[in-house]
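The values are calculated or read from the model by the stated rules, or taken from the named source; none is laboratory data. Values in this document were obtained by computation on a predicted structure and should not be read as measured data. Neighbour counts run over all protein chains shown; Cβ positions are idealised from the backbone, glycine included. Protein only, heavy atoms only, side chains kept; ligands, DNA and RNA dropped before computing areas. Shrake-Rupley method; radii C 1.70, N 1.55, O 1.52, S 1.80 Å.
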Amino acid sequence: MQPSTREASTAGASVSLRDRLTMPAPVFALVLGVFGLGTAESVIAGLLPQLAGDLRVSLSDAGLLVSGYALTVVVGGPLVTLATSRLARRPLLIGLLALFTVGNLAAALAPGYEALMAARVASALSHCTLFAISLVTAAEIAGPEKSGAAVARIIIGVNLSTIVGVPLGLLLAQRWGWRAAFWGVALLSLAALVAVAVLVPRSRTQATNSVGAELRVLRDRRVQVALLLTVVAMTGGFAAFTYLTPVLGQVSGFGPQAVTALLFLFGLGSLAGGILGGRLADRALMGSLTAFLGLLTLVLPAFAAVAAVPVAAVAALVAFSVLFFALNPGLGARILNSAGGRAPTLAVSVSIAAVQTAIALGAWLGGRVLDAGFGLTAVFIAGAVLTFVAGVIAWFEWRAGQRPPVRSGSGSGSGPHDVPAASSGRTAALSTDS
């Protein structure tokens, strides 16, 4: 996701550290909303024992509240995006935040298990489209030359929800019960709604596409490859991430408190990786993605090899967290780049569903490796195989992006270097991605 001129790229290198850490007020409002999304999605995993006891259901039934949310995001998310494709972004953002707020209020007031599940499904319906529109809006606000950094900031909202939001939600639950966590998310979402209404400007693009036009973007080869790259890379990473805690405890020999501290360290590494990935995506999108995937392919087997040595395991943990989460801004930006101005929101929405699918596939893959009797660290090797495959895909796309674009009189030969604007006058999200 590199600027169209070398001068713009060089100028970006001289930006001060203060400028890198600050963000425009409208982007902050969007980050606040995404922070609430991430907190609501993840905090419930720590509430399951309380929920099961209070609602008088089994722990496995309580766990369906997690699965039900994820399934709604995967299946319902793109459908909601299609249904709302002709609506202006700012009012849609406000409406989705309102739905998400009401859903969490309903969860806090739920009289029983069925009502809580319904509330979770209602709030999950807004998740995919809200996240997608936040990414697209942040990229539009930042402009083509800083789209990667804008995407990274939105993703940082998710990282911060893991580092800050989930622990705070669990503290509220420990002090006042599980309903307090949902009250907290509802208040946070309401604050985000007000911030978006006040700070986010009206979109400069017009939503004029039909449903058919939105769907046609998914037939584009570059969009399809970007989605494939996302699924393969994320499945490999999540296969390792899913079994990180048992590896640290059973192989590295860390106690429960030490594992908790290391997971916090992992969260800090993910935050650093998101920032790094966003900065490099703005300079060389596919080049940086290829490099991160190559390094991750080396780090995962190295982690498996040194997992029994505590000091080395900590170093490998940090490297894993930075490299894995450095992928997110580039993968998100690649989707925006591939979709151009045609249907970026739907493409990003489908990519979010793809990540949710990758989470499930990663856990499934790790489980199959363990069932085969290969041991915990073998899961990291299996993950490395997939990140290697993703790296090969990224490399071929990177090389294709280095070739001069094919020009034709009909304009049908747009290559990787030029993502044409739609006939409605939308501007392409990015100009190059070499």
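Within segment 310-334, being in contact (Cβ under 8 Å) with a residue 12 or more places away in the chain and open to solvent by 30 Å² or more (accessible area, probe 1.4 Å) holds for Pro310, Val314, Val318, Ala319, Val322, Phe325, Asn328.
Would segment 362-370 turn up any residue that is charged (D, E, K, R) and under 27 Å from His127 (Cβ atoms)? Checked segment 362-370: no residue is charged (D, E, K, R) and under 27 Å from His127 (Cβ atoms). Could you check segment 260-309 and list, in sequence order, the residues that are of a type outside the set (A, V, I, L, M), without any contact (Cβ under 8 Å) to a residue 60 or more places away in the chain and over 13 Å from Leu248 (Cα atoms)? Hits for segment 260-309 are Gly269, Gly273, Ser288, Phe292. For segment 243-264, the tally of residues that are modelled with pLDDT of 85 or more and either of a type in the set (Ser, Thr, Tyr) or within 27 Å of Ala150 (Cβ to Cβ) (or both) stands at 1.
Every test in (1) in contact (Cβ under 8 Å) with a residue 24 or more places away in the chain; (2) assigned to a helix (DSSP H, G or I); (3) among the small types (Gly, Ala, Ser); (4) surrounded by fewer than 23 Cβ atoms within 10 Å (Cβ to Cβ) is passed by Gly95 save one, and that test is (1). Within the set Val158, Val121, Val151, the sole residue that is free of Cβ contacts under 8 Å to residues at least 60 places away in the same chain, of a type in the set (A, V, I, L, M, F, W, C) and in contact with a helix residue (DSSP H, G or I) (Cβ under 9 Å, 6 or more places away or on another chain) turns out to be Val121. Condition check for Ala308 on (1) within 18 Å of the chain's Cα centre (by Cα); (2) outside any helix (DSSP H, G or I): one failure, at (1).
Here segment 140-165 is the region considered, the condition is being open to solvent by less than 30 Å² (accessible area, probe 1.4 Å) and modelled with pLDDT of 80 or more, and the residue that is farthest from Ala88 (Cα to Cα) is Gly165. Selection of segment 166-183 for residues being buried (at least 22 other Cβ atoms within 10 Å of the Cβ) and closer than 9 Å to Asn104 by Cα yields only Phe182.
Count of segment 257-275 residues, restricted to those that are crowded, with 17+ Cβ neighbours inside 10 Å and not aliphatic (A, V, I, L, M), is 6. All but one of (1) touching a residue at least 40 places away in the same chain (Cβ under 8 Å); (2) assigned to a helix (DSSP H, G or I) hold for Gly249; state the number of the condition that does not hold. For Gly249, the exception is condition (1).
Within segment 43-74, if we keep just the residues that are touching a residue at least 60 places away in the same chain (Cβ under 8 Å) and open to solvent by 10 Å² or more (accessible area, probe 1.4 Å), the residue that is nearest to Val348 (Cα to Cα) turns out to be Val74.
For segment 77-92, taking the residues that are touching a helix residue (DSSP H, G or I) at 6+ places or on another chain (Cβ under 6 Å) and outside any helix (DSSP H, G or I), the one that is farthest from Leu51 (Cα to Cα) is identified as Ser85. For segment 111-126, the tally of residues that are closer than 23 Å to Thr345 by Cβ and either among the basic types (Lys, Arg) or open to solvent by 10 Å² or more (accessible area, probe 1.4 Å) (or both) stands at 3. None of Arg279, Arg283 is more than 14 Å from Leu376 (Cβ to Cβ), open to solvent by 10 Å² or more (accessible area, probe 1.4 Å) and either of a type in the set (Asp, Glu) or touching a Lys or Arg at 6+ places or on another chain (Cβ under 8 Å) (or both) except Arg279. Sort out which residues of segment 256-302 are charged (D, E, K, R) and within 19 Å of the chain's Cα centre (by Cα), and write them in order of number. Listed by number, the residues that qualify are Arg279, Asp282.
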